[in-house]
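Heads up, the thing below is written out as structure tokens.
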Amino acid sequence: GAGVSQSPSNKVTEKGKDVELRCDPISGHTALYWYRQSLGQGLEFLIYFQGNSAPDKSGLPSDRFSAERTGGSVSTLTIQRTQQEDSAVYLCASGGAAGETQYFGPGTRLLVL
Amino acid sequence: AQSVTQPDIHITVSEGASLELRCNYSYGATPYLFWYVQSPGQGLQLLLKYFSGDTLVQGIKGFEAEFKRSQSSFNLRKPSVHWSDAAEYFCAVVIGTASKLTFGTGTRLQVTL
């Protein structure tokens, strides 16, 4: 079946604007993850959803970042009042039970001017 | 501190030569271990994984990796590199009940013809 998809593939925004990034996981996958990849910080975990459990938000860098997952499927990562240091590639992954393989989408490249 | 280390930032090999990319982790328990590859502008693709059992695991594209508990290592190998293997390679772990991937800093592989 189809893999993980993300939209948009590229996003350019101005400092202070809000952005929404979308992730469509592989059908049937109960786990969904967001990661950020930046030059200075490498690959960092942001947030993890598993089924109906409360999400693990331990990786979110500030309260400007939030994410939701509707109906156990599609997820949206929202960054409010974007800053230049938010410029990065945001990667979404989905998988099965905890610890199992995560399958990554192509990412959204965010540039904050 | 708990971490994943990829000591080689950049490696250059000739096409047809053998390859070994190093990965070490520092955790008390044996984690789940993964190698991912990322081509320019692409998401992460899983090469192989180790959960338990046979310590030599085979992956896609002719790659293999060996888990050595005594050395806390999970090195990636390929007997004969192809030009298309040029990419960035990430070692990653999942620890215990935590589901997030913790990544090494990556090794960029360049292949000369």
- Message: Bins of 10 Å, beginning at zero and ending with the bin holding the largest distance: percent of Cα pairs per bin for the range A:1-49, please.
- Response: 19, 46, 31, 5
- Simple Cβ-charge dipole of chain B, Lys/Arg +1 and Asp/Glu -1, about Cα centre, in debye nearest 20: 240
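Run through the DSSP bridge list for the protein assembly as shown and note the antiparallel percent, rounded to the nearest 5.
Working: 68 of 77 bridges.
Roughly 90 percent of the beta bridges in the protein assembly as shown run antiparallel, per DSSP.
Given the convex hull over the Cα atoms of the range A:31-83, what projected area results after averaging over all orientations, in nm²?
Numbers: hull surface 15.5 nm².
About 3.9 nm², averaged over all directions.
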- Message: For the pair B:Q58/A:S73, report the inter-label distance in nm, with labels modelled 7 Å from Cα in the Cβ direction.
- Response: 3.7
- Query: Hey, what did chain B get for relative contact order, percent, Cα under 8 Å, at least 6 apart?
  - Reply: 37
- Starting from the Cα-Cα distance between B:S84 and B:Q71, subtract it from 0.36 nm times their residue separation and give me the gain in nm to one decimal. 1.6 nm
- State, to one decimal in nm, how far the label point of A:R64 lies from the label point of B:S3, with both points 7 Å from Cα in the Cβ direction. 2.8
- Task: Quick one: divide the alpha-carbon radius of gyration of the range B:3-112 by 2.2 N^0.38 Å and tell me what you get.
- Result: 1.01
- Task: Output ³J(HN,Hα) for the range A:44-51: one whole-Hz value per residue in order, computed from phi by the Karplus curve 6.51 cos²θ - 1.76 cosθ + 1.60 with θ = phi - 60°, and x for Gly and Pro.
- Result: 10, 6, 10, 7, 9, 10, 9, x
- With the dipole of the range A:5-100 worked out from charges on the C-beta (+1 for Lys and Arg, -1 for Asp and Glu) around the Cα centre, which of A:S75, A:P55, A:T13 lies farthest toward the positive end? A:T13
- Item | Per-pair calculated FRET efficiency, R0 = 35 Å: B:S39 and A:T13 via Cβ, rounded to 0.05 | 0.85
- Note on the structure: For the protein assembly as shown, the Debye formula with one identical point scatterer on each Cα and no solvent gives log10 I(q)/I(0) at q = 0.12, 0.16, 0.18 Å⁻¹ as -0.66, -1.13, -1.35
- Take chain B, connect every pair of alpha-carbon atoms lying under 10 Å apart with a spring to form a Gaussian network, then pick out the residue of B:S18, B:S99, B:S73 with the largest mean-square fluctuation. B:S99
- Item | Calculated diffusion of the range A:5-100, Stokes-Einstein form, Kirkwood radius summed over Cα pairs, 20 °C and 1.002 mPa s, µm²/s | 157
- Please count, across the protein assembly as shown, the pairs of lysine residues with Cα atoms under 23 Å apart that sit 8 or more places apart or on different chains. 9
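The numbers here are math on the coordinates, done by the rules we state, and not lab data. As the structure is a prediction and not an experimental result, all values here were calculated from the model. Note that each Cβ is placed from the backbone with ideal geometry, even for glycine, and that neighbours are counted across all protein chains shown.
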